[in-house]
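This report refers to the structure that appears directly beneath it.
The values are calculated or read from the model by the stated rules, or taken from the named source; none is laboratory data. All of these numbers come straight from a predicted model, not from anything done at the bench. Methodologically, a virtual Cβ is constructed for each residue, glycine included, from the backbone with ideal geometry; neighbour enumeration extends over all protein chains shown. With ligands, DNA and RNA removed, areas are computed over all heavy atoms of the protein, side chains included. Shrake-Rupley method; radii C 1.70, N 1.55, O 1.52, S 1.80 Å.
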Amino acid sequence: MVNIVLGLIFATYLLIDRDRLRSQLHRLSRQYLPAKLTEKILYVLRVLNESFHNYIVGQFTEAIILGALCATGMAIFGFPYAAMIGAVVGAMALIPIAGAYVGGAVGFLLILTVSPLRALLFVVYLVVLQQIEGNLIYPRVVGGSIGLPGLWVLAAVTVGGGLSGITGMLIGVPLTAALYKIVKNDLHRREAAMRPQA
């Protein structure tokens with residue numbers, strides 16, 4: 001908890017002073033690093049910034065889609081509290097792995113107060129929806145927002161989760177997207193340099 005609080009405080013100070021820090025880093029790099037190295041570092045930082053920004057936007061978009069699908073499906077099948085549970089499931093989708101279980105548990109408990117059979121059917125419905133979302137919607141929505149093919153998104157989540165758990169899942173996709181873009185741009189540049197000039 002202490003590390004989380006300190007991290008949030010540190011992040012807040014970084015955000016408040018970001019323009020001054022950027023200016024100072026630019027001045028330092030121009031004076032102490034070669035110009036080509038400075039350009040390469042700035043390029044990598046720009047790509048990382050764009051990848052993380054697009055990843056966060058994609059995550060929120062995916063959570064909204066999941067919440068809407070959950071609420072719509074629940075309304076069609078006649079489950080109680082459809083809008084409220086859809087909103088909870090969508091909000092919890094922002095938390096990798098554990099979010100699905102928390103959203104499902106809240107929905108199960110709410111529906112259980114009305115009908116135990118409907119609560120069990122809701123769990124079955126949510127499991128099917130999570131499979132569709134995790135294997136079809138998530139790679140396309142998040143991959144499309146960061147310019148990463150769905151296969152690579154799935155691989156990044158799997159490898160990142162295997163290496164570092166939830167943290168690996170959170171940063172694996174944007175890091176893979178940044179690496180993918182850097183290699184792709186470098187490959188295009190090298191291929192263009194090899195083409196014969198007309």
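Structure above, values below:
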{"read-out": "Matching option when the condition is open to solvent by 70 Å² or more (accessible area, probe 1.4 Å), touching a residue at least 24 places away in the same chain (Cβ under 8 Å) and more than 19 Å from the chain's Cα centre (by Cα), among PHE60, PHE77, PHE10", "value": "PHE77"}
{"read-out": "One residue from THR72, THR38 being out of contact with any Phe, Trp or Tyr (no Cβ under 7 Å at 6 or more places or on another chain), surrounded by 13 or more Cβ atoms within 10 Å (Cβ to Cβ), among the β-branched types (Val, Ile, Thr) and within 25 Å of TYR138 (Cα to Cα)", "value": "THR72"}
{"read-out": "Residue match in region 87-100 (condition: over 22 Å from ILE56 (Cα atoms), open to solvent by less than 30 Å² (accessible area, probe 1.4 Å) and over 13 Å from the mean Cα position of the chain (by Cα))", "value": "no"}
{"read-out": "Number of the exception - VAL123 against (1) assigned to a helix (DSSP H, G or I); (2) open to solvent by less than 50 Å² (accessible area, probe 1.4 Å); (3) not aromatic (Phe, Trp, Tyr)", "value": "(2)"}
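Okay, residues lined up against (1) outside any helix (DSSP H, G or I); (2) surrounded by 12 or more Cβ atoms within 10 Å (Cβ to Cβ); (3) more than 12 Å from the chain's Cα centre (by Cα):
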residue: PRO139; (1), (2), (3): no, yes, no
residue: VAL153; (1), (2), (3): no, yes, no
residue: VAL157; (1), (2), (3): no, yes, no
residue: SER164; (1), (2), (3): no, yes, yes
residue: THR167; (1), (2), (3): no, yes, no
residue: GLY172; (1), (2), (3): no, yes, no
residue: TYR180; (1), (2), (3): no, yes, yes
residue: GLU191; (1), (2), (3): no, no, yes
